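Taking it in order: structure first as structure tokens, then the write-up.
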Amino acid sequence: MKKKYRILISGGGTGGHIFPALSIANALRRRLDVEILFVGADDRMEMERVPAAGYPIKGLPVAGFNRRNILKNIPVLLKLWKSMRMARAIVREFKPDIAIGVGGYCSGPTLKAAQRAGVPTLIQEQNSYAGVTNKLLARKAKKICVAYEGMERFFPADKIVLTGNPIRADLRDRSLTQGDARRRFGLDSDRATILVIGGSLGALTINESLERGLRRLTEAGYQVIWQTGKSFADRARAAAKGLKGVVVTPFVTDMTAAYAAATLVVSRAGAGSISEMEALGTPVILVPSPNVAEDHQTKNAMALSSRGAAAIVADAEARSLLVDKILRLASDPKTLKAMSERIAEMELPDSAGRIAEEVAQILQA
């Protein structure tokens, strides 16, 4: 009789962690007979997104450390202590055959609890620069799935598997033409379109840069799809008032169409977003967030720009330079084509399937 495996998947906080986690879960479900339980941070978006995708989830009260004010970390430490206790209880009750960590605040307590209970663990490190938590967990992990070469400087070489980062399966729909995609947003099918992605939580620097320069973009003949996050939506709508060819939305529900519509994308340099653009061959200007651990977004962006696969504008310079950079690049088809070809060369296809294969090997060893 075939064994039904119990699999714990932990991570979240942003779409960049949640969507890969769901892709891995779906790949495991296709390959094995599994029961999957997610563990997330109880005030973050995974608590809605994961159940909507058909998976159960338990929340931990874990939060990120405040690197600017050490005293503010006292409540954070209390939440971490409580999360560790809850994670141990989840592992004890669910009895997983393996625990998978995809990053985010809750990944650390969950995988640590699993390792202490003797449960095999697999880490999926999305970034080109490994975070502190994953480096600590790596010693006892069975496998570490990475998206960039050269990760031996962070992890034991014999545990590393180059798999890439999973992306949403629907993004690979190649049947949608650029013109049709633009029409879905109510835009002219023949006009060049700039897609600006602030991330699921919005990105203040990118939003304020666009707020200042939006009129310049429309006057130059460009259309804009501007994903703002919730907090900036009203300011963005005010900036776009009276301008034609501008779509303002707090959250893009149809990213397949948004990417397909784009001549050029402006984005943060989260690993998940980069993997999507690699899969689609999308020319992109990356504005790395400075508010992330170990400045890993800058390192992600450099891994692309060093190969001519993306342009970079530093967060501190974006308000003065970003719109100029958009205007220069969007009007240079030769450079856009070269960037598209080079970023596509960096894709590692079927990442979720590769990770599922590594999980299966651990389970069946």
### Task
Give the distance, in whole Å, between the Cα centre of the stretch 126-174 and the Cα centre of the stretch 24-54.
19 Å
### Message
Projecting each Cα onto the charge dipole of the chain (Lys/Arg +1, Asp/Glu -1 at the beta carbon, about the Cα centre), which of 247, 161, 360 comes out farthest on the positive side?
### Response
360
### Task
For the stretch 183-287, give the magnitude of the charge dipole about the Cα centre (Cβ charges: +1 Lys/Arg, -1 Asp/Glu; no others), in debye to the nearest 20.
360 debye
### Query
Using heavy-atom solvent-accessible surface (probe 1.4 Å) with all chains present, what is the largest-first order of 132, 224?
132, 224
### Message
Could you report the accessible area of residue 219 in Å², rounded to 10, computed with a 1.4 Å probe on the protein chains as they sit in the structure?
### Response
140 Å²
### Query
Mind checking which helices in the chain clear 20 Å along their axis (Cα) and have mean Kyte-Doolittle hydropathy of -1.0 or more, DSSP H runs only?
15-31, 73-94, 204-219
### Message
Need the list of lysines near residue 241 for cross-linking: C-alpha distance under 28 angstrom, and skip anything on the same chain fewer than eight residues off.
### Response
230, 325
### Charge dipole magnitude, Cβ of K and R +1, D and E -1 - the chain, Cα centre, debye nearest 20
1040 debye
#### Entry: Percentage, to the nearest whole number, of Cα pairs in the stretch 213-302 over 24 Å apart
26 percent
## Note on the structure
Long-range alpha-carbon pairs in the stretch 85-195, meaning those over 25 Å apart, account in percent for 42 percent
#### Entry: Hits among lysines - C-alpha to C-alpha of residue 112 under 23 Å, sequence gap 8 or more where chains match
58, 79, 82, 95, 135, 140, 142, 143, 159
### Query
Where does the charge balance sit around residue 241 when Lys and Arg score +1, Asp and Glu -1, over other residues with C-beta under 14 Å from its C-beta?
+2
### Task
Take every Cα pair under 8 Å in the chain that's 6+ residues apart, average their separations, divide by the length, and report that relative contact order as a whole percent.
16 percent
## Note on the structure
The local net charge around residue 167, scoring Lys/Arg +1 and Asp/Glu -1 for residues other than residue 167 whose Cβ lies under 11 Å from its Cβ, equals -3
### Query
Using a 1.4 angstrom probe and counting only protein chains, how large is the accessible area of residue 185 in Å², to 10?
50 Å²
### Task
Subtracting the Cα-Cα distance from 0.36 nm times the residue separation, let me have the gained length for residue 231 to residue 85 in nm, one decimal.
49.2 nm
### Query
Roughly how many percent of the accessible protein surface of the chain is carbon and sulfur, given a 1.4 Å probe and a whole-percent answer?
51 percent
### Task
Give me the accessible area per residue for the stretch 245-341, probe 1.4 Å, as a whole number in Å².
36 Å²
### Query
Using 0.36 nm per residue, how much length does the chain from residue 142 to residue 331 gain when fully extended, once their Cα-Cα distance is taken away?
63.2 nm
### Task
For residue 295 and residue 30, compute 0.36 nm times the residue count separating them, minus their Cα-Cα distance, and round to one decimal in nm.
91.8 nm
#### Entry: Per residue, in Å², the accessible surface of the stretch 18-165 once ligands and nucleic acids are set aside, probe 1.4 Å
48 Å²
### Query
How many nm separate the modelled label positions at residue 321 and residue 6, each set 7 Å beyond the Cα in the direction of the Cβ?
5.3 nm
### Message
Over 29 Å apart: what share of the alpha carbon pairs of the chain falls there, rounded to a whole percent?
### Response
41 percent
### Task
Would you tally the net charge around residue 120, using a Cβ to Cβ cut-off of less than 10 Å, leaving residue 120 out, and scoring K and R as +1, D and E as -1?
+2
#### Entry: Contact order normalised by residue count of the stretch 183-297, Cα under 8 Å, 6+ apart, percent
27 percent
### Prolate/oblate/rounded call for the stretch 107-147, Cα gyration tensor, a/c under 1.5 rounded
prolate
### Task
Counting only C-alpha contacts under 8 Å and six or more residues apart, can you give the relative contact order of the stretch 212-365 as a whole percent?
20 percent
#### Entry: Value of [θ]222 nm, deg cm²/dmol, for the chain, DSSP H segments ≥ 4, -39500 (n - 2.57) each, nearest 500
-13500 deg cm²/dmol
### Task
Set the Förster distance to 41 Å, then compute FRET efficiency between residue 116 and residue 180 from the Cβ-Cβ distance, nearest 0.05.
0.20
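The values are calculated or read from the model by the stated rules, or taken from the named source; none is laboratory data. This is a predicted model, so every value here is computed, not measured. With ideal geometry, Cβ positions are generated from the backbone for all residues, glycine too; neighbour counts draw on all protein chains shown. When the accessible area is computed, the model is the full protein with side chains, heavy atoms only, and any ligands, DNA or RNA have been set aside. Shrake-Rupley method; radii C 1.70, N 1.55, O 1.52, S 1.80 Å.
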